[in-house]
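First comes the structure, then the notes that go with it.
The values are calculated or read from the model by the stated rules, or taken from the named source; none is laboratory data. It should be emphasised that the depicted structure is a prediction, and the values quoted were computed from it without experimental measurement. Note that we place each Cβ from the backbone using ideal geometry, even for glycine, and neighbour counts take in every protein chain shown. Note: accessible area is taken over every heavy atom of the protein model, side chains too, but ligands, DNA and RNA are not part of it. Shrake-Rupley method; radii C 1.70, N 1.55, O 1.52, S 1.80 Å.
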Amino acid sequence: KKDLHSMAKKRRNSGRAKHGRGHVRRVRCEASGVLVPKDKAIKRFIVRNIVDASAIRDIQDSSVHDGYVLPKIYRKVYYSVSAAIHSKVVRVRSAKDRRNRAPPPRFNRPREGEKPKAA
């Protein structure tokens with residue numbers, strides 16, 4: 001017998017990854033500064049060069065060491081759901097598409113010296 005008083009469930013995990021934990025520490029949203037539970041926040045890992053693209057070649061030409069690789073900045077960024085949607089980090093998906101748990105296809109840029117593949 002089906003319970004008539006239960007509400008419909010929008011997401012399998014109720015929008016969180018807290019399963020079994022009573023409390024989760026909060027993190028600051030990168031865009032809005034609001035405190036968001038760490039398991040609910042949208043997480044992105046950003047890898048950037050320390051030097052901007054225009055200066056990389058100048059630094060490599062003036063470097064004493066051959067083949068010196070410039071270090072990168074590794075940073076984990078947290079967004080609140082509303083800020084992530086507003087800044088287009090994530091998109092709103094239909095009820096059918098929300099069931100899809102597969103990660104989106106990755107965009108691979110061609111490396112230096114390689115020819116881009118014809119589509």
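Quick notes
- Residue satisfying all of: in region 45-62; of a type outside the set (F, W, Y) and within 17 Å of the chain's Cα centre (by Cα); most open to solvent (accessible area, probe 1.4 Å) among these: R48
- The set of residues in region 3-31 that are in a loop (DSSP other than H, G, I, E, B), under 23 Å from V90 (Cα atoms) and among the basic types (K, R) comprises K9, K10, R11, R12, R16, K18, R25.
- The lone criterion from (1) without any contact (Cβ under 8 Å) to a residue 40 or more places away in the chain; (2) of a type outside the set (S, T, N, Q); (3) open to solvent by less than 70 Å² (accessible area, probe 1.4 Å); (4) in contact with a Phe, Trp or Tyr (Cβ under 7 Å, 6 or more places away or on another chain) left unmet by I42 is number (1).
- Subset of region 1-51 [in contact with a His (Cβ under 8 Å, 6 or more places away or on another chain) and at pLDDT below 95]: N13
- Every residue from region 39-83 that is touching a strand residue (DSSP E or B) at 6+ places or on another chain (Cβ under 6 Å), of a type in the set (K, R) and more than 17 Å from R16 (Cα to Cα): R48, K72, R75, K76
- Of all residue pairs spaced 6 or more apart or on separate chains, those with beta-carbon atoms under 8 Å, a first member in region 63-83 that is surrounded by 11 or more Cβ atoms within 10 Å (Cβ to Cβ) and a second member that is hydroxyl-bearing (S, T, Y) are Y79/S87; S80/S32; S82/S32; A83/S32.
- Check on D66, over 16 Å from the mean Cα position of the chain (by Cα), in a loop (DSSP other than H, G, I, E, B) and of a type in the set (D, E): yes
- Every residue from region 18-34 that is without any contact (Cβ under 8 Å) to a residue 24 or more places away in the chain and either under 17 Å from R75 (Cα atoms) or loosely packed, with under 13 Cβ neighbours inside 10 Å (or both): H19, G20, R21, G22, H23, R25, G33
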